[in-house]
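Everything below concerns the one structure shown next.
The values are calculated or read from the model by the stated rules, or taken from the named source; none is laboratory data. Predicted model only: the values in this text are computed from it and were never measured. In this analysis, Cβ positions are derived from the backbone assuming ideal geometry, glycine residues included, and neighbour counts consider all displayed protein chains. To get the accessible areas, we keep the full protein, side chains included, count just its heavy atoms, and leave off ligands, DNA and RNA. Shrake-Rupley method; radii C 1.70, N 1.55, O 1.52, S 1.80 Å.
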Amino acid sequence: MLNFTYYAPTQIVFGKGTEKQTGQLVKAQNCKKVLVHFGGKSAKESGLLDSVYDSLKENGIDFVSLGGVKPNPVLSLVEKGIELCKAEKVDFILAVGGGSVIDSAKAIGYGMTNDFPVWDIYSRKNAPKACLPIGAVLTIAAAGSEMSDSSVITNDKTLEKRGFSSNYCRLKFAIMNPELTFSLGQWQTQSGATDIIMHTLERWFTAKGQESSEMVDYIAAGLVKTVMHNAPVLLGNPRDYNARAEIMWASSLSHNGLTGPFGNGDWAVHQIEHELGGMFDVTHGAGLAAVWATWARYVYKENVERFVKMGTDIFDMKKPSKGDEEKTALEAIAKMEAFFKSVNMPISIKELGLDLSDAQCEQLAVNCTWQGTRTVGAVKKLGKAELTEIYKKAR
């Protein structure tokens, strides 16, 4: 087993009615003023915001609010949040929503504690030295941002979507009540399930010769199988508490390092999708489903063993005879693609509603390589030419 450091300091408060503990959890942080950061109408119309506000008031906590976070959170709102927090002398951020709201909160937290433009962090011009403390009331199971060290922001001027990871932004606590996800539509629910699976698979696929761990592989495979079992349940009954609970907890565990603590995952699919999200504002999980199988078929020969292991461990396929490894790998890829289709996820960029030109594919590849300054991926290093081909094949 490889050496690794595992760090997951976030306190999780999980279960029915746990949002009522918001005020107590915030009060324990000894803060003076809180920014309540949220998305749109659903938080208001569901009554969740009022419940959060009441809990804060009951505990004598002063607060201001900023809504308007959209999927693929944007820099302009982050900058607005930084200005508000400075004016109001905010010293704690409470995110009420899903991964987009939490990511936006993290970016605001960075902007409040570093003396340079926050986009410098995401464009790698400057490294942060701190972040405001953050907590969350989770309403969507998908991104896993509530327990991760990462956040992703879109620069709405340049249409660049960039991620950044550091332990500074790890949440102090996350409240997770699966009941709060009952009202999610099927597109959001299944996109979230796809994102959870992909966070796990990105860690699963490594460069050939990289060590893994039998225990970690079992955890990862079990997590993916759990999501694949429960996501279809929600197609028939979106208010199934147990299915919502399993998926919500899987979301956190898929992105807190448990399913791949070694730092040797691939992450090319996320980078490929980020550019689609930045340019066309597509739903993240759906975008991942749209490009994953194309990426997999493009790179699988570089590490056939890991694709075979996906088949045997996740889909319970028989171990192939010598010489049949590639066939098994391709069958495993087809099975994962079929699962995405079975939960009404797109399996091509066209199914996302996009009709990309060759020029757009090339521009996406340029953006993905940061204007030719990097490659992406671990299974196979992908530069501008390879990425352009993947975007074209995924159409």
Taking the range 264-294 as the region of interest, how many residues are touching a Ser or Thr at 6+ places or on another chain (Cβ under 9 Å) and part of a loop (DSSP other than H, G, I, E, B)?
5
For residues that are open to solvent by 20 Å² or more (accessible area, probe 1.4 Å) and either at pLDDT below 95 or under 22 Å from Arg239 (Cα atoms) (or both), scanning just the range 138-155, find the one that is farthest from the chain's Cα centre (by Cα).
Thr139
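I'm trying to understand the selection: among the residues of the range 112-123, which are part of a helix (DSSP H, G or I) and either touching a Cys at 6+ places or on another chain (Cβ under 9 Å) or at pLDDT below 95 (or both)? Full working, then the answer.
First pass over the range 112-123, keeping only residues part of a helix (DSSP H, G or I): 112-113, 119-122.
Those that are part of a helix (DSSP H, G or I) and either touching a Cys at 6+ places or on another chain (Cβ under 9 Å) or at pLDDT below 95 (or both): Met112, Thr113.
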In the set Ser342, Ser357, the lone residue that is touching a residue at least 40 places away in the same chain (Cβ under 8 Å), open to solvent by less than 70 Å² (accessible area, probe 1.4 Å) and over 21 Å from Arg203 (Cβ atoms) is Ser342
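Restrict the check to the range 28-38 and report whether at least one residue is of a type in the set (Phe, Trp, Tyr), open to solvent by less than 70 Å² (accessible area, probe 1.4 Å) and free of Cβ contacts under 8 Å to residues at least 60 places away in the same chain. Before you say what the answer is, go through the steps one by one.
Initially, the range 28-38 is screened for residues of a type in the set (Phe, Trp, Tyr), giving 38.
Checking the rest, the ones that are also open to solvent by less than 70 Å² (accessible area, probe 1.4 Å) come to 38.
So of that shortlist, the ones also free of Cβ contacts under 8 Å to residues at least 60 places away in the same chain come out as none.
No; the residues of the range 28-38 include none that is of a type in the set (Phe, Trp, Tyr), open to solvent by less than 70 Å² (accessible area, probe 1.4 Å) and free of Cβ contacts under 8 Å to residues at least 60 places away in the same chain.
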What pairs come out if I take residues in the range 318-333 that are touching a residue at least 24 places away in the same chain (Cβ under 8 Å) and pair them with residues that are part of a loop (DSSP other than H, G, I, E, B) and open to solvent by 70 Å² or more (accessible area, probe 1.4 Å) whose C-beta lies under 7 Å away, six or more apart or interchain?
none
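Hey, can you tell me all the residues within the range 123-137 that are buried (at least 23 other Cβ atoms within 10 Å of the Cβ) and closer than 24 Å to Pro261 by Cα? Reasoning before the result, please.
Quick first cut of the range 123-137, residues buried (at least 23 other Cβ atoms within 10 Å of the Cβ) only: 131, 134-137.
Across the range 123-137, the qualifying residues are Cys131, Ile134, Gly135, Ala136.
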Among the listed residues Ala174, Ala220, which satisfies the condition of being within 17 Å of the chain's Cα centre (by Cα), closer than 30 Å to Asp316 by Cα and touching a residue at least 24 places away in the same chain (Cβ under 8 Å)?
Ala220
Leu382: modelled with pLDDT of 95 or more, within 30 Å of Arg124 (Cβ to Cβ), in contact with a Phe, Trp or Tyr (Cβ under 7 Å, 6 or more places away or on another chain) and crowded, with 18+ Cβ neighbours inside 10 Å, yes or no?
no
Yes/no for Lys89 being of a type in the set (Lys, Arg), crowded, with 16+ Cβ neighbours inside 10 Å and at pLDDT 95 or above
no
Might you check whether a residue that is over 26 Å from the mean Cα position of the chain (by Cα) and in contact (Cβ under 8 Å) with a residue 12 or more places away in the chain occurs anywhere in the range 67-79?
no
Residue satisfying all of: in the range 262-320; in contact with a strand residue (DSSP E or B) (Cβ under 7 Å, 6 or more places away or on another chain) and over 15 Å from Met198 (Cα atoms); surrounded by the most Cβ atoms within 10 Å (Cβ to Cβ) among these:
Gly278
Search result, residues across the range 163-185 that are assigned to a strand (DSSP E or B), open to solvent by less than 10 Å² (accessible area, probe 1.4 Å) and of a type outside the set (Gly, Ala, Ser)
Phe173, Ile175, Met176
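Can you tell me which residue among Ile121, Ile134 is farther than 23 Å from Leu25 by Cα and in contact with a strand residue (DSSP E or B) (Cβ under 8 Å, 6 or more places away or on another chain)?
Working: Ile134 fails: farther than 23 Å from Leu25 by Cα.
Sole residue among the options that is farther than 23 Å from Leu25 by Cα and in contact with a strand residue (DSSP E or B) (Cβ under 8 Å, 6 or more places away or on another chain): Ile121.
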